[in-house]
Amino acid sequence: MKKKIVFFLVVLFMATLNSSAEQSALLYNKNKVHVFTGYNAFRDAYYAAEVDDTITLSAGYFNTPEDHIRKRLYICGNGAFYNSECTIIEGSLTIEAEGTKIEGIAFTSDIAGVRVITNNVQLWRCYITILDFHSLTQMYARFGGTLIFQCGIRRIESLSYISNIYIYNSTIGSFEYDSVWGVNSDAKNSCVVNSVIYSSTELLKAVYENNIIEAKKSYAFYAVSEFHNNLFYADKKPTISFPSGCVHTGDMYSTTAEVFNNDNSQYYPAVVGNVPNGNDGKPVGIYGGLGYKPFPAIPSLFTIPNWPFVTNNFIFGQLNQEIEIYAISNSRRLCYWWNDDFDKKKYLYLDNENDQIVAQSYTLDVPTSIHGHGPQKGVATLHVIAVSPDDAMSAPINTDITYAIGPSLNASSYSLNEGNIVTLKWKDPTTSGSYYDYAVYYAIDDGPWNLWNSEATYDSTTRTYSAKFKGKKGTYRFVVSTRTNVSGIGYIRTPLENEWSVTVIFN
């Protein structure tokens, strides 16, 4: 299969992408995959999932399940920090299943982007407006073991009775305590490492290492917390008064102008500069330590801006034609299959040894085995995903390929009362050097094809044909067969089984 590199993209260019692909979800379940599309794709995939399944979401906006997340799942999006290709969930999501992992999704609800009411939840590379641990109404639950990794979180709320929280390489707008009854338990069980922390009413009880911490306000620094190699900043170089007994080493101080180059507006993720290493020789801030990568571990797949995913969705010729697809991915492999036949999947290999964001084109064969059924006869759905070296799968890009030789066919209504008239329409694709004539056939309740002896009306302005049909009770399937006069060959009549049919029900 032919392949070629079209162009290379740097990560920051992803902010300009504008995909036209419909949002979709892929559910990976016991070596089977199921594809869901549309605004409710995530909701549908969740209800179909079983414990420990993986759901991957494409770019686009998604609705949330009506219920809490009560199954332990891995839910991964396309990314959270580049708006035009983000996976965005607009409603609140409540996690109640211990061990759930969510990655690469932007949660934009101002009520509560994510609510955690269980233990051992992992949030990786997510943007979250409000992360709520709900401990004000669950005072003694002490939810623990939460891992926040490379996230941007505007506000973390209800921390009063949580324990064991781990934050790495993240941007935190503020910590907010909503209860006067106490704060989180033993500080040494929690840590905040290589993160940027903006204005807070109080800081979480934890061990802080190699962070950049705003010091405009008078923080409630707890004596049980520890501070090592942190850079504190304010408009003017601050001084910090630590409470008696608070362990602190390697303190550093700077100004907002120095840390953010006079621009601290891009909070999530924070872009910082001019920051020193700590006494441990390691850089502070989100780009130090483990580093910061905006794209999720599961590979991402995009369409090319202002360029169709498939340039020839209509194949007026026999199956075994070729189509060309255009896609962008940070993976080295793409996988594709037709309709629901995932077992017949095939792979494409990208010239992408460094796992960059790369745009490429590929030529695919359209096999003769992809015939649709019923109203979709003559239309096949192509699914394409990106695959990581350990076989993690992105959400799919899906597209319909019309492979019928004859024209597209549609009806003004698909459900009528007996004796009503249905109008069928199709377009004349006449090109230079050939011409077409048409014969309309119908089948009742999947019976044999019958020739419909009716004259079609031709509109030269729109180059469309139309014909009217009055039906009796039953399910009718209509097809237009094309007879083509090909220069040097003569007339060719296409087989009915290769044509796109339409179903109309007369009640």
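Number of residues in the stretch 190-215 that are under 32 Å from the mean Cα position of the chain (by Cα), among the small types (Gly, Ala, Ser) and under 18 Å from Val272 (Cα atoms): the value is 2.
Considering only residues of the stretch 262-315 that are at pLDDT below 80 and either in contact with a Gly (Cβ under 8 Å, 6 or more places away or on another chain) or buried (at least 18 other Cβ atoms within 10 Å of the Cβ) (or both), which is farthest from Ile105 (Cα to Cα)? Only one residue fits best here, namely Ile315. Considering the stretch 403-419, the residues that are modelled with pLDDT under 70 and assigned to a strand (DSSP E or B) include one that is surrounded by the fewest Cβ atoms within 10 Å (Cβ to Cβ), namely Asn410. Contact map, the stretch 266-294: residues that are at negative phi paired with residues that are of a type outside the set (Asp, Glu) and exposed (fewer than 13 other Cβ atoms within 10 Å of the Cβ), Cβ distance under 7 Å, separation 6+ or inter-chain. Pairs shown: Gly273/Asn261. For the stretch 72-87, taking the residues that are modelled with pLDDT of 95 or more and open to solvent by 10 Å² or more (accessible area, probe 1.4 Å), the one that is nearest to Tyr268 (Cα to Cα) is identified as Tyr74. Scanning for something under 28 Å from Asp400 (Cα atoms), open to solvent by less than 30 Å² (accessible area, probe 1.4 Å) and at pLDDT 75 or above, does the stretch 455-465 turn up at least one residue? No, the stretch 455-465 contains no residue that is under 28 Å from Asp400 (Cα atoms), open to solvent by less than 30 Å² (accessible area, probe 1.4 Å) and at pLDDT 75 or above.
Taking first residues from the stretch 461-484 that are charged (D, E, K, R) and partners that are modelled with pLDDT of 75 or more and surrounded by 19 or more Cβ atoms within 10 Å (Cβ to Cβ), the Cβ contacts under 6 Å between residues at least 6 apart in sequence or on separate chains come to Lys473/Phe506. A single entry from Thr56, Thr94, Thr100 fulfils the requirement of being under 29 Å from Asp341 (Cα atoms) and either crowded, with 22+ Cβ neighbours inside 10 Å or modelled with pLDDT of 90 or more (or both): Thr56.
Applying the set (1) modelled with pLDDT of 85 or more; (2) over 16 Å from the mean Cα position of the chain (by Cα); (3) of a type in the set (Phe, Trp, Tyr) to Phe42 leaves exactly one unmet item: (2).
Applying a threshold of 8 Å to beta carbon distances and a minimum spacing of six or more residues, or different chains, the list of pairs starting in the stretch 94-116 at a residue that is of a type in the set (Lys, Arg) and ending at one that is in a strand (DSSP E or B) and open to solvent by 10 Å² or more (accessible area, probe 1.4 Å) reads Lys101/Tyr74; Lys101/Gln122; Lys101/Trp124; Arg115/Thr94; Arg115/Asp132.
Assessment of the stretch 216-233 against the conditions (at pLDDT below 90, open to solvent by less than 20 Å² (accessible area, probe 1.4 Å) and not hydroxyl-bearing (Ser, Thr, Tyr)) yields no matching residue.
The values are calculated or read from the model by the stated rules, or taken from the named source; none is laboratory data. Only a predicted model underlies this, so the values are computations on that prediction, with no experimental measurement involved. With ideal geometry, Cβ positions are generated from the backbone for all residues, glycine too; neighbour counts draw on all protein chains shown. Just so you know, the surface numbers come from the protein's heavy atoms only, side chains and all, with ligands and any DNA or RNA stripped out. Shrake-Rupley method; radii C 1.70, N 1.55, O 1.52, S 1.80 Å.
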